[in-house]
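What follows is one structure encoded as structure tokens, with my remarks underneath.
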Amino acid sequence: MANGSKDPKQILTARDVAQLMGVSTSMISRAFNPDASISPAMRKRIIEASAALGYRPNVIARSLSTRSSKIVAIIVGTLENPFYAQVLEKLSRELQLAGYQSLLFNLAPGQDVDSQLPFLVQYNVDAVVIVSASISAGIANDWTRSGRKVILFNRTLPDASIPSVCCDNFTGAKLAVDHFVQTGRRRLAFAAGRRDTSTNAERELGFISRLAELGKPFAAKADNPHCSFQDGYNAALKLAADKPDAIFFANDVMALGGIEAIRKELGLTVPDDIAVIGFDDIPMAAWPTYSLTTIRQPLDAMVESAVDLVSDQSGADELKVVHPVQLVERASTKATSDEKVP
């Protein structure tokens, strides 16, 4: 077109804007980078001129030169448990506030993280946060050696030099035992989660070890492959054969299923016949229908730690960041529905 003006249908580049404004191309790039050194007046001038010209920076192209995409991949193995939906919501929001965008990878049943990680290379992500899924130590270490960040959320991995953020599952289970004993329960059972997860292993170990410390019998255990509502329902029916007067479920979703089975299938009452404690403190735990006593995970603090690790602001040398938990007492272990957090 005449006078060197651009065709309105042609996509403007940073170089085009720089030529029209009489500044360097790098100056245009710095104006759209909140961390770059540039005067406020110049940044304002470039952003206003770019808007008038219809220029929009290409984040993908910029990532090729800066080697930072500001994209974090979040890998989830399941969203059936509302706890992980909460994690995804809070984590993606906090990452965005920290200047990152999220790329979600939802694994299909039977898929493992090891088989999917190589595909993430195509997206040039800055970090990978693995939620409700498992990864082998070998693959995790390979990624770390390649200069990529891998962070485990609500999981730990022995023999791997990658950071993890979790709650104190072991102590949480001990708090459940103590509460049962303090409220007069004598036959305590455990509805376990997936065998291949560190969270379940730590909760089971805490439960069994505390019973041993107190000299109390371990009534029974039921393993559950999916940690679902139906798993909890089935576990309660199975455990009922051993006549427990209290059941600790490895998560809240299973505990809600267990309460349904106790009431509808067994014709018993909660907590008079069987007291119930869960783990997580999902919103449904506080519903009057369930009023579930549970171990509360400090989700906000855990998400904050994960974002700090992504942005290298944690200031911590340890690979495992562990947050304390709280027992939230509700009607599933006592006669009244008043909530109490010690």
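Quick look at the values:
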| read-out | value |
| --- | --- |
| Residue in the range 240-250 that is nearest to the chain's Cα centre (by Cα), counting only those that are part of a loop (DSSP other than H, G, I, E, B) and crowded, with 20+ Cβ neighbours inside 10 Å | 250 |
| Checking residue 218 against (1) aromatic (Phe, Trp, Tyr); (2) farther than 24 Å from residue 154 by Cα; (3) touching a Phe, Trp or Tyr at 6+ places or on another chain (Cβ under 6 Å), the condition it does not meet | (3) |
| Residue 265, sole failed condition from (1) over 20 Å from residue 193 (Cβ atoms); (2) out of contact with any helix residue (DSSP H, G or I) (no Cβ under 7 Å at 6 or more places or on another chain); (3) not hydrophobic (A, V, I, L, M, F, W, C) | (2) |
| Among the residues listed as 201, 176, 191, the single one being buried (at least 17 other Cβ atoms within 10 Å of the Cβ), within 30 Å of residue 149 (Cβ to Cβ) and of a type in the set (A, V, I, L, M) | 201 |
| Hits in the range 223-272 (condition: touching a residue at least 40 places away in the same chain (Cβ under 8 Å) and β-branched (Val, Ile, Thr)) | 247, 253, 259, 270 |
| Any hit, the range 176-184, residues being free of Cβ contacts under 8 Å to residues at least 60 places away in the same chain and over 20 Å from residue 330 (Cβ atoms) | no |
| Strands (runs of 3 or more DSSP E) (entirely within the range 149-208) containing at least 2 residues that are over 27 Å from residue 303 (Cα atoms) | 188-191 |
| Every residue from the range 195-245 that is farther than 24 Å from residue 133 by Cβ and touching a Pro at 6+ places or on another chain (Cβ under 8 Å) | 211, 219, 220 |
| Test: residue in the range 206-214 that is of a type in the set (D, E, K, R), in contact with a helix residue (DSSP H, G or I) (Cβ under 6 Å, 6 or more places away or on another chain) and surrounded by fewer than 17 Cβ atoms within 10 Å (Cβ to Cβ) | no |
| The range 80-103 - residue that is assigned to a loop (DSSP other than H, G, I, E, B) and more than 14 Å from the chain's Cα centre (by Cα) and, of those, surrounded by the most Cβ atoms within 10 Å (Cβ to Cβ) | 100 |
| Residue in the range 251-264 that is in the same structural domain as residue 229 (by TED's automatic domain parsing) and either part of a loop (DSSP other than H, G, I, E, B) or of a type in the set (S, T, N, Q) (or both) present | yes |
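The values are calculated or read from the model by the stated rules, or taken from the named source; none is laboratory data. Worth saying up front: this structure is predicted, and the values here are computed from it rather than measured. Quick reminder, even Gly has a Cβ in these numbers, built from the backbone with ideal geometry, and neighbours come from all protein chains shown.
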